[in-house]
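The values are calculated or read from the model by the stated rules, or taken from the named source; none is laboratory data. Quick caveat, the model's predicted, so the values are computed rather than measured. Backbone-built Cβ (ideal geometry, glycine too); neighbour counts: all protein chains shown.
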Amino acid sequence: MLHNILIADNPSGCAQDYERFFTQQGYGVFVASSLKEARDLLIKQDFSVALISENLVDSLNSPYLRDMKKNRGTCKFVLMSYSFDADLFVKAVDGLFHDCLAHPSSLSVLEEAVSNLIHLEDRVFK
């Protein structure tokens with residue numbers, strides 16, 4: 001079964017590297033450069049995992065994030081952080097994000113985390 005991954009990151013982020021890597025691993029990959037674009041893709045397409053850069057999350061109460069939460073289906077959301085911040089993680093898992101990962105130095109580490117999430121039963125943090 002082909003699993004689709006949504007990567008939401010600003011244009012200067014890691015999206016191109018992630019897109020190339022996950023495509024080579026056999027995933028369907030969609031890239032968004034804004035939360036609005038990510039929300040629109042999420043409404044049109046089913047995703048197993050959405051990797052969302054902290055650079056796009058200016059407010060966890062963003063209307064786009066609320067829309068994404070309502071329309072996520074079985075998609076597991078991961079907040080990608082450039083610097084681990086425990087306070088940000090606590091906010092992140094408050095209903096929308098399933099996990100928070102520091103941008104890994106190895107793409108294979110990221111792929112393992114994504115694979116584990118895909119095969120994990122859906123959890124909801126409230």
Per the list (1) surrounded by fewer than 18 Cβ atoms within 10 Å (Cβ to Cβ); (2) over 21 Å from residue 27 (Cβ atoms); (3) of a type outside the set (Val, Ile, Thr); (4) modelled with pLDDT of 65 or more, residue check on residue 107 breaks on (2)
Considering region 5-25, residues that are closer than 22 Å to residue 54 by Cβ, touching a strand residue (DSSP E or B) at 6+ places or on another chain (Cβ under 9 Å) and polar (S, T, N, Q), and then whichever is modelled with the highest pLDDT, we arrive at 16
Taking only pairs six or more apart or across chains, which ones have beta-carbon atoms under 7 Å, a first residue in region 33-58 that is farther than 15 Å from residue 70 by Cα, and a second residue that is surrounded by fewer than 22 Cβ atoms within 10 Å (Cβ to Cβ) and among the aromatic types (Phe, Trp, Tyr)? 54/82
Answer with yes or no whether residue 32 is touching a strand residue (DSSP E or B) at 6+ places or on another chain (Cβ under 6 Å), of a type outside the set (D, E, K, R) and within 18 Å of residue 100 (Cα to Cα). no
Filter region 23-60 down to residues that are more than 13 Å from the chain's Cα centre (by Cα) and within 15 Å of residue 113 (Cα to Cα) and give me whichever is surrounded by the most Cβ atoms within 10 Å (Cβ to Cβ). 27
Would you say residue 77 is modelled with pLDDT of 70 or more and either touching an Asp or Glu at 6+ places or on another chain (Cβ under 7 Å) or surrounded by 12 or more Cβ atoms within 10 Å (Cβ to Cβ) (or both)? yes
